[in-house]
Amino acid sequence: MYRFQIVFLCLAGVALGQDFWIRKEYTQWSDEEVRKMITDSPWAKDVTVRAPASALGGRGRGSGAPAAADVETNAAGGGRGGRGRGGRGGGAGDSDGGGESEVFLTLKISWRSALPMKEAVLNSRGITGAEAQRTLGQEEKEYVIVVSGLPERLAATVRNSSQLQRSVLKTGKRTIALAAADFQQRTQTVDLFLVFPRTEPLLVEDRDVEVIVQLGQLEARKKFNLKDMVYKGKLEL
């Protein structure tokens with residue numbers, strides 16, 4: 001009996017230590033868990049880049065960081081969802097010699113074609129039953145990645161720059177070239193949707209994948225651990 005109690009307590013401890021998306025079906029996720037999935041999970045991470053204040057709408061020395069990123073719970077095939085809040089830039093610093101000031105801009109990079117991200121959208125919108133199953137049953141033919149929180153002025157620069165086409169997914173020595181891009185206006189910021197083909201799918205054996213986004217003269221890079229992105233026994237991207 002005593003040994004049984006010890007085993008039970010150990011198993012309970014393991015269960016409590018698991019992430020919520022492992023322990024619970026998506027329909028049981030709380031609002032806070034939905035927010036975490038969309039903004040701070042193996043499928044969604046922050047990246048900070050240094051940029052001249054003028055590129056973000058600032059007016060030179062002393063300009064602050066841009067407004068908080070406006071992150072939509074939007075997924076490929078999922079339509080618009082609820083809204084979370086992304087991170088702010090970490091602050092501003094003057095350049096040497098009296099030149100233009102710089103700001104540290106925090107953007108969010110998320111894999112919106114991943115199953116758990118789409119489930120989070122459905123949860124936030126209260127969509128269940130047949131409609132939810134139709135959305136989740138759609139086969140993803142591309143990787144859809146969203147860069148959230150672009151200031152409008154920077155987004156306009158990126159839109160008019162050929163540099164964006166150099167954005168890639170990189171794993172080991174292999175790269176996957178960008179297939180398409182789109183911009184969606186939010187309340188205060190712009191979301192950049194990047195589409196990459198799945199013709200040579202990423203594998204858990206690749207260990208990690210780096211998202212490299214060319215934003216005009218700026219570059220945002222973020223690595224994702226592929227093992228951490230296994231969901232319900234399958235790599236979900």
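The values are calculated or read from the model by the stated rules, or taken from the named source; none is laboratory data. In this text the structure is predicted, and so the values were computed from the model without any measurement. A quick note on method: Cβ atoms are made from the backbone with ideal geometry, for glycine too, and the neighbour counts reach across all protein chains shown.
Side notes on the structure shown:
- Residue match in the stretch 134-141 (condition: among the basic types (Lys, Arg) and either touching a residue at least 60 places away in the same chain (Cβ under 8 Å) or part of a strand (DSSP E or B) (or both)): no
- Qualifying residue in the stretch 192-199 (condition: surrounded by fewer than 16 Cβ atoms within 10 Å (Cβ to Cβ), within 27 Å of residue 55 (Cβ to Cβ) and in contact with a strand residue (DSSP E or B) (Cβ under 9 Å, 6 or more places away or on another chain)): no
- Output for the stretch 193-237, where each listed residue is of a type in the set (D, E, K, R) and closer than 25 Å to residue 105 by Cα: 208, 210, 219, 221, 222, 223
- From the list 166, 174, 112, 159, the lone residue that is of a type in the set (Lys, Arg) and crowded, with 23+ Cβ neighbours inside 10 Å is 112.
- Among the candidates 217, 188, the residue that is at pLDDT below 95, in contact with an Asp or Glu (Cβ under 6 Å, 6 or more places away or on another chain) and surrounded by fewer than 14 Cβ atoms within 10 Å (Cβ to Cβ) is uniquely 188.
- Of the residues screened, residue 175 is one that is modelled with pLDDT of 90 or more, among the polar types (S, T, N, Q), under 23 Å from residue 205 (Cβ atoms) and touching a strand residue (DSSP E or B) at 6+ places or on another chain (Cβ under 9 Å).
- Evaluated against (1) modelled with pLDDT under 95; (2) farther than 23 Å from residue 127 by Cβ; (3) surrounded by 16 or more Cβ atoms within 10 Å (Cβ to Cβ), residue 46 falls short on exactly one condition, (1).
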